1. Could you please find all residues in region 116-132 being among the hydrophobic types (A, V, I, L, M, F, W, C) and open to solvent by 50 Å² or more (accessible area, probe 1.4 Å)?
2. Here's a check for you: in region 105-115, which residue that is under 29 Å from L81 (Cβ atoms) and hydrophobic (A, V, I, L, M, F, W, C) is most open to solvent (accessible area, probe 1.4 Å)?
3. Pairs, please: C-beta under 6 Å, at least 6 apart or cross-chain, first residue free of Cβ contacts under 8 Å to residues at least 24 places away in the same chain and in region 36-65, second surrounded by 14 or more Cβ atoms within 10 Å (Cβ to Cβ) and assigned to a helix (DSSP H, G or I)?
4. Give me the residue from region 29-52 that is of a type in the set (V, I, T) and surrounded by fewer than 16 Cβ atoms within 10 Å (Cβ to Cβ) and, out of that set, nearest to R15 (Cα to Cα).
5. Any residue at all in region 89-104 that is open to solvent by 50 Å² or more (accessible area, probe 1.4 Å), assigned to a helix (DSSP H, G or I) and closer than 30 Å to L141 by Cα?
6. Of the residues E36, E20, E48, which single one is within 23 Å of L84 (Cα to Cα) and either hydroxyl-bearing (S, T, Y) or at pLDDT 90 or above (or both)?
7. Checking the conditions here, which among S68, S55 is surrounded by 12 or more Cβ atoms within 10 Å (Cβ to Cβ) and touching a strand residue (DSSP E or B) at 6+ places or on another chain (Cβ under 8 Å)?
Amino acid sequence: MVLALPTVGRFRLHRMNIGEASSASGVSAKMIRHYEAVALVPAAARTESGYRQYSNADVHTLRFIRHSRDLGFSIAEIGELVGLWQNRRRPSRQVKALAAAHIEDLERKAKELLAMKATLEHLVHCCQGNDRPECPILAELAGDASEGTPRAAQKPGAALGAKRPSALRS
């Protein structure tokens, strides 16, 4: 006798544990728990013994989140995207506006990264790389012009602190 599993929407109801959901979605178990904690995905159903159980729909949402993270969206932005994705009456202009704002943020970060790269290339060029202790790279990192070549050879706007993108600051 074959039992048909019930369906929810377009998904056949099939429960899987967190390891199976992780494999199926490409999202680590640790991140699945984190996404639950920050309410990007609803709390998983639990077995009587307390194990998390995920449906195919949950895995589909986790894949959506993974793809969004792969594109660099923040957790808050992904929360908005998930809400828009799940709202079939949403105007696409909201999604487009969110994506366009993200593009602007990526362009800003790309410029910051290129400026960091240019500063480091300049410092590497200025460093003799010999047996002497003077090193403009270390001088720049220490903010000490007396160690070697002055602050990025006094290149306008070349201070490293100003070139580190906000996404990379600790």
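1. We begin by selecting, within region 116-132, every residue among the hydrophobic types (A, V, I, L, M, F, W, C); these are 116, 118, 120, 123-124, 126-127.
Scanning region 116-132 gives L120, V124.
2. Initial filter on region 105-115 (under 29 Å from L81 (Cβ atoms)): 105-114.
Checking which are hydrophobic (A, V, I, L, M, F, W, C) leaves us with 106, 110, 113-114.
Values: L106: 76, A110: 46, L113: 86, L114: 116 Å².
So the residue we want is L114.
3. Sorted first by the residue in region 36-65, then by its partner, the pairs are A43/E36.
4. The first filter runs over region 29-52 and keeps only residues of a type in the set (V, I, T), leaving 32, 38, 41, 47.
From what's left, surrounded by fewer than 16 Cβ atoms within 10 Å (Cβ to Cβ): 38, 47.
Values: V38: 22, T47: 10 Å.
Selected residue: T47.
5. Yes, region 89-104 contains a residue that is open to solvent by 50 Å² or more (accessible area, probe 1.4 Å), assigned to a helix (DSSP H, G or I) and closer than 30 Å to L141 by Cα.
6. Working: E20 fails: within 23 Å of L84 (Cα to Cα); E48 fails: within 23 Å of L84 (Cα to Cα).
That would be E36, the only listed residue that is within 23 Å of L84 (Cα to Cα) and either hydroxyl-bearing (S, T, Y) or at pLDDT 90 or above (or both).
7. Details: S68 fails: touching a strand residue (DSSP E or B) at 6+ places or on another chain (Cβ under 8 Å).
Answer to the selection: S55.
The values are calculated or read from the model by the stated rules, or taken from the named source; none is laboratory data. This is a predicted model, so every value here is computed, not measured. All Cβ positions, even for glycine, are placed from backbone atoms using ideal geometry, and neighbour counts span all protein chains on display. Just so you know, the surface numbers come from the protein's heavy atoms only, side chains and all, with ligands and any DNA or RNA stripped out. Shrake-Rupley method; radii C 1.70, N 1.55, O 1.52, S 1.80 Å.
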